[in-house]
1. Could you say which residue among Y112, Y71 is outside the structural domain of I267 (by TED's automatic domain parsing), out of contact with any strand residue (DSSP E or B) (no Cβ under 6 Å at 6 or more places or on another chain), among the aromatic types (F, W, Y) and in contact (Cβ under 8 Å) with a residue 12 or more places away in the chain?
2. When the residues of the range 16-31 are narrowed to those that are of a type outside the set (S, T, N, Q) and part of a strand (DSSP E or B), which ends up surrounded by the fewest Cβ atoms within 10 Å (Cβ to Cβ)?
3. Would you please name the residue that is surrounded by the fewest Cβ atoms within 10 Å (Cβ to Cβ), looking only at residues in the range 231-249 that are touching a strand residue (DSSP E or B) at 6+ places or on another chain (Cβ under 9 Å) and over 15 Å from R266 (Cα atoms)?
4. For the range 250-278, give me each residue that is in contact (Cβ under 8 Å) with a residue 24 or more places away in the chain and touching a Pro at 6+ places or on another chain (Cβ under 7 Å).
5. Among the numbered criteria (1) part of a helix (DSSP H, G or I); (2) β-branched (V, I, T); (3) free of Cβ contacts under 8 Å to residues at least 40 places away in the same chain, which one does I317 miss?
6. Could you please let me know if S97 is of a type in the set (S, T, Y), assigned by TED's automatic domain parsing to the domain that holds K70 and at pLDDT 85 or above?
7. With the condition being under 30 Å from G259 (Cα atoms) and in contact with an Asp or Glu (Cβ under 6 Å, 6 or more places away or on another chain), I'd like the strands (runs of 3 or more DSSP E) fully within the range 32-122 carrying at least 1 qualifying residues.
8. Please go through (1) surrounded by fewer than 17 Cβ atoms within 10 Å (Cβ to Cβ); (2) assigned to a loop (DSSP other than H, G, I, E, B) for R7 and return the number of the only condition it doesn't satisfy.
Amino acid sequence: MALPLLREIEQVYPHAEISWLGGEIVHPLLKLFPRIDHLYTINESKLLKGSLVEKLFVVLTSWRTFFLKKYDLVLCLYRDSRYLLLTKTSFAKETRSFDGSKADFKIVPGRYHAAEYIRLLRNKNDFSMLAPFYPQPSLALPDELFKILSKEKKNILLTPGGAANLINGGDTRRWPIEFYAELSKKFVENGYQVILLGGENDKWTEKYFDSNRIQSLLGETNLHDVLALYNKSDLLVTHDTGLMHLAKLTSLPTIALFGPVNYKERIGNGSNIVPMVKTDGLVCAPCYDGKSFPECSNNLCMKNITVDEVFALSFSILNKSKSE
């Protein structure tokens, strides 16, 4: 959600030199944007979940990277104060963050986070701000993936896994795997091709699907492949995952299923992402505090979203795009 800052920086500080510090997972994605002049990487998993020695190593490595480097402005987009430590050895004329120490820089609950990042950059409350702009890289789809796509049928992408959170599991925000399997069956029976997307850690979901009727790319794609695949597919159905956020960099119609997380903070307005929410009557939802999910043994906020409702919305979107 931070990529809209690239255009905003260009508008506020023309010809600024941009240094970007991000996690190892997003490094290949950030390399697609030449406007980032200097790209640095940290191991977020070790910073947040590692042993004391591992955490210290990440911080000390970052300190060495930024030692005596001069910046006019440092933006820390996280509410976790540990991220503020990473650039302490640099010389910054000004540092702005969402760590909560300054009332003006607290993230406003319910407001789109990408817009909040822009507010932090512009250092003012501007309620007439336009919707954040996401750059859309143009990528070629590898031949082996291009062959998987159906030329006769519409290609539907599902992400049945991918709910991991660096601080805790985040499983509460996952739509039940049985629901994904039933939805897949409905798509296949109605003449669509289904493709599963996700990482190596999501392979456990494969056993719930009929391998003879769907295509699985779980653990077989990188970020470049995913974006290229989005540009050639017809619909993505997902819950709140990293793959959902990647869809913002394309025009792929996307249905995003929300429960524990306030969808307004994740997708904003004017997006190609259509939210589905069924939390009426549930006083516990949303429950995500921006860092972690509370323990939940029965995530009704997600289970209330039925397969028939998701399929009906999918059918409507697919037929609308066909008519256009």
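1. Every option except Y112 fails the conditions.
2. G23
3. K232
4. Within the range 250-278, F258, P260, V261, N262, I267, G268, N272 qualify.
5. Condition not satisfied by I317: (3).
6. Answer is yes for this residue.
7. Correct list: empty, since no element meets the threshold.
8. Every listed condition holds for R7 apart from (2).
The values are calculated or read from the model by the stated rules, or taken from the named source; none is laboratory data. From a predicted model like this one, the values you see are computed outputs, not experimental measurements. Here Cβ is always computed from backbone atoms with ideal geometry, including for glycine, and neighbour counts include all displayed protein chains.
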